[in-house]
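The values are calculated or read from the model by the stated rules, or taken from the named source; none is laboratory data. This structure is a prediction, so every number in the text was calculated from the model and none was measured. Cβ atoms come from the backbone with ideal geometry, glycine included; neighbour counts cover every protein chain shown.
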Amino acid sequence: MKKLKVLGICASPRSKGNMEYILGRCLEAMRRNGGDEVEIKRYLFRAKKMNPCLDCGGCYLSGECVIRDDFQRLKELWLEADIVIYAVPVYHLGLPGQLKCFIDRLGQSICAAHSGECNGKEETMPKYLKVIAPLTLGVHQVSGQEQTIMQIINHALIMQCLPVSGDAWQCYTGAGGWTQNREEKDAIEKLAGEGDFSTMALIKAIETTALRALQLARVVREGLIACREELAGDAQYRFVLDKHCSD
Ligand SMILES: Cc1cc2nc3c(=O)[nH]c(=O)nc-3n(C[C@H](O)[C@H](O)[C@H](O)COP(=O)(O)O)c2cc1C
């Protein structure tokens, strides 16, 4: 059986901040639940250069984004992952610009590469079926967490992936929390150490998100194996069938 590849993306430009902490808690839970079945990689936006899409049309000619920076490496990691966990700080009630730049260029370059316009033939935008989970923190309460989560869910949908959340009242749409007006980089770790109620609910949301993401990825893998003959003729399933059903 092939391993499930997990990519944890920390979208904060700060080193060892709150998002790195909650991403770490999620990946630890993933390891606990998945053991050797999972291969985990971590990507930090810290010190990375992620330029914005210029709408230059270059990707419609070549199938690739023509701006050279850290985008290419993250795209490669994203494409190979079965589960993508986004740990996103709320910025101005939404995604930080660096992450939005990545998402814009990812979507644009992939759509371009698979559009009939580019290859002159059929539409082949892959059904990636990656399991995508949002984790987010803001410094204040009710200050953009839900919108940030929705942006990641919308990104999952447009990329033909499967958004997932954890369980129960802690995690309606994704794991969101707040650092209770504390701006220090280790605020959420301290709150967790103090056993703070809303932080413990966040940790529970993160842990159930990890478990449900893993389970859904297993369902996708097994489902593809079971349906491979039926799906084989559909160009949009080629990418995932090659990934999960080839020897
Ligand atoms: C440019 C900027 C905008 C921010 N906007 C918001 C916001 O709209 N709502 C909020 O609750 N927190 C906001 N914050 C606070 C961060 O979301 C919060 O401090 C987060 O924990 C930072 O994660 P980090 O420690 O991993 O860098 C903002 C921070 C920055 C730097």
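Structure above, values below:
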| quantity | calculated |
| --- | --- |
| Some residue of the stretch 38-53 being more than 30 Å from Glu183 (Cβ to Cβ) and of a type in the set (Lys, Arg) | no |
| Count of the stretch 68-127 residues which are among the hydroxyl-bearing types (Ser, Thr, Tyr), closer than 30 Å to Arg182 by Cβ and either touching a Phe, Trp or Tyr at 6+ places or on another chain (Cβ under 6 Å) or at pLDDT below 95 (or both) | 0 |
| Members of the stretch 217-243 found to be among the hydrophobic types (A, V, I, L, M, F, W, C) and under 16 Å from Met1 (Cβ atoms), listed by number | Ala217, Val219, Val220, Leu224, Ile225, Ala226, Val240, Leu241 |
| Subset of the stretch 35-64 (residues that are in contact with a helix residue (DSSP H, G or I) (Cβ under 9 Å, 6 or more places away or on another chain) and either basic (Lys, Arg) or farther than 20 Å from Gln108 by Cβ (or both)) | Glu37, Val38, Ile40, Lys41, Arg42, Leu44, Arg46, Lys48, Lys49 |
| Helices (runs of 4 or more DSSP H) fully within the stretch 142-247 counting 3 or more residues that are in contact (Cβ under 8 Å) with a residue 24 or more places away in the chain | 145-158, 187-193, 197-226, 238-245 |
| Residues being over 24 Å from Val139 (Cβ atoms) and acidic (Asp, Glu) - total across the stretch 1-27 | 0 |
| Among the candidates Gln236, Gln170, Gln145, residue that is polar (S, T, N, Q) and either under 21 Å from Asp82 (Cα atoms) or at pLDDT below 95 (or both) | Gln236 |
| Where a residue in the stretch 19-37 is touching a residue at least 40 places away in the same chain (Cβ under 8 Å) and its partner, wherever it lies, is among the hydroxyl-bearing types (Ser, Thr, Tyr) and within 15 Å of the ligand (Cβ to nearest atom), with Cβ under 6 Å and at least six apart | Met19/Ser12 |
| Single residue of the stretch 159-172 satisfying the filter (surrounded by 15 or more Cβ atoms within 10 Å (Cβ to Cβ) and of a type outside the set (Gly, Ala, Ser)) that is farthest from the ligand (Cβ to nearest atom) | Gln160 |
| Number of the exception - Leu214 against (1) touching a helix residue (DSSP H, G or I) at 6+ places or on another chain (Cβ under 7 Å); (2) within 16 Å of the ligand (Cβ to nearest atom); (3) under 19 Å from Ala133 (Cβ atoms) | (2) |
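Matching residues to (1) closer than 20 Å to Met125 by Cβ; (2) under 22 Å from the mean Cα position of the chain (by Cα); (3) surrounded by 18 or more Cβ atoms within 10 Å (Cβ to Cβ); (4) hydrophobic (A, V, I, L, M, F, W, C):
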| position | (1), (2), (3), (4) |
| --- | --- |
| Glu184 | no, no, no, no |
| Phe197 | no, no, no, yes |
| Gln215 | no, yes, no, no |
| Arg221 | no, yes, yes, no |
| Leu224 | yes, yes, yes, yes |
| Glu229 | no, no, no, no |
| Gly233 | yes, no, no, no |
| Arg238 | yes, yes, no, no |
